[in-house]
């Protein structure tokens, strides 16, 4: 394992990191909150994506569905981000070098790019397909990608728990010679 | 068979398959099965890193040689690294075991139940004893074939004595 950047070390040695590692209730409660927030993020996004894909009731307004859900989505996303950072500080070095964690962050960025393209390009014409007509192909592609991406976020999040920590490269700074006075 | 029942069966089947795929690692994750709980080894080593995992804190360390003047090395001359696994970081912190109390270079002793597969790892049994640090800032190791519990100025992490090693 290489040495992590100094800000990673600073996060791990922060008061929040120390509290997360030493308080018996901190990790279970933050973990539960993180899972709840991710569930809300994925759940509310899924409702919008399914409407875009034309599943179930096409008479329901896309704009109304989106407006109702996305407030919850953003609130839950902020909650997930805050609890995620708290998680990270508890064992920052290990998370920093974990491949599943890195892929999870990459996939979240991809989710943001997908959302931005949809929001700023495809969604501009929403009044034409708001209800009782099929969504344009671009909207359906964005919705399908969104479901795939957020499912990946959940799977990668779980993978982190089973792939982190077993790293045995020895820091060069340690002096193992105890024979020389 | 209607489309609806087919879909329900497909979803049920997929869920069952997913459960089968996920179940083994979940079971292994919280199991002592990898470790031989009937065997105990006493090890003294130099900390290389602490992984403060929420589920199982791990201390990685280079095992000291019998003379306690250096560490055991493999054929390439690299230190032989062991990992001792224990309760999660919060539970371990109740014994004072943390990233800050076991920085790299710390010399300590611990009893472990070794890994059945022969991997250099084990599950903690009993307290940890940390050797004191000398005036030069370097740890004072125990005498040959001894452990940190024999060194004056040692620090105990957990109750009791080091366990007896099995033969």
Considering residues of the range B:96-140 that are touching a helix residue (DSSP H, G or I) at 6+ places or on another chain (Cβ under 8 Å) and within 12 Å of another protein chain (Cβ to nearest Cβ) only, the residue surrounded by the fewest Cβ atoms within 10 Å (Cβ to Cβ): B:100
Qualifying residues in the range B:30-46 (those that are under 28 Å from residue A:28 (Cα atoms) and in contact with a strand residue (DSSP E or B) (Cβ under 6 Å, 6 or more places away or on another chain)) - the one surrounded by the fewest Cβ atoms within 10 Å (Cβ to Cβ): B:37
Test: residue in the range B:60-81 that is under 15 Å from the mean Cα position of the chain (by Cα), more than 13 Å from every other protein chain (Cβ to nearest Cβ) and under 29 Å from residue A:27 (Cα atoms): no
Output for the range B:57-71, where each listed residue is surrounded by 19 or more Cβ atoms within 10 Å (Cβ to Cβ) and either closer than 29 Å to residue A:23 by Cα or touching a strand residue (DSSP E or B) at 6+ places or on another chain (Cβ under 6 Å) (or both): B:57, B:58, B:59, B:60, B:61, B:62, B:64, B:71
Odd one out for residue A:2 among (1) part of a helix (DSSP H, G or I); (2) modelled with pLDDT under 95; (3) loosely packed, with under 13 Cβ neighbours inside 10 Å: (1)
Sole exception among (1) part of a helix (DSSP H, G or I); (2) within 11 Å of chain B (Cβ to nearest Cβ) for residue A:78, by number: (2)
The one condition in (1) free of Cβ contacts under 8 Å to residues at least 24 places away in the same chain; (2) part of a helix (DSSP H, G or I) that residue A:87 fails to fulfil: (1)
Total residues in the range B:82-95, condition more than 8 Å from every other protein chain (Cβ to nearest Cβ) and surrounded by fewer than 17 Cβ atoms within 10 Å (Cβ to Cβ): 1
Members of the range B:34-77 that are without any contact (Cβ under 8 Å) to a residue 12 or more places away in the chain and in a loop (DSSP other than H, G, I, E, B): B:65, B:70, B:72, B:74, B:75, B:76, B:77
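Is the range A:127-136 home to any residue that is surrounded by 14 or more Cβ atoms within 10 Å (Cβ to Cβ), more than 14 Å from chain B (Cβ to nearest Cβ) and in a helix (DSSP H, G or I)? Steps first, answer last, please.
Here is the first cut: in the range A:127-136, the ones surrounded by 14 or more Cβ atoms within 10 Å (Cβ to Cβ) are A:129-131, A:135-136.
Keeping just the survivors that are more than 14 Å from chain B (Cβ to nearest Cβ) gives A:129-131, A:135-136.
Still in the running and in a helix (DSSP H, G or I): none.
So far as the range A:127-136 goes, no, none of its residues is surrounded by 14 or more Cβ atoms within 10 Å (Cβ to Cβ), more than 14 Å from chain B (Cβ to nearest Cβ) and in a helix (DSSP H, G or I).
Take residue A:30 and tell me if it is away from chain B (no Cβ under 13 Å), surrounded by 15 or more Cβ atoms within 10 Å (Cβ to Cβ) and either in a helix (DSSP H, G or I) or without any contact (Cβ under 8 Å) to a residue 40 or more places away in the chain (or both).
Numbers: away from chain B (no Cβ under 13 Å): no; surrounded by 15 or more Cβ atoms within 10 Å (Cβ to Cβ): yes; either in a helix (DSSP H, G or I) or without any contact (Cβ under 8 Å) to a residue 40 or more places away in the chain (or both): yes.
No, not satisfied.
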Total residues in the range A:1-25, condition within 11 Å of another protein chain (Cβ to nearest Cβ) and free of Cβ contacts under 8 Å to residues at least 24 places away in the same chain: 7
Where residue A:87 falls short, out of the listed (1) within 13 Å of another protein chain (Cβ to nearest Cβ); (2) surrounded by fewer than 18 Cβ atoms within 10 Å (Cβ to Cβ): (2)
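The values are calculated or read from the model by the stated rules, or taken from the named source; none is laboratory data. Everything quoted here is computed from the prediction, not taken from an experiment. So basically every Cβ, Gly included, is an ideal-geometry build from the backbone, and we count neighbours across all protein chains shown.
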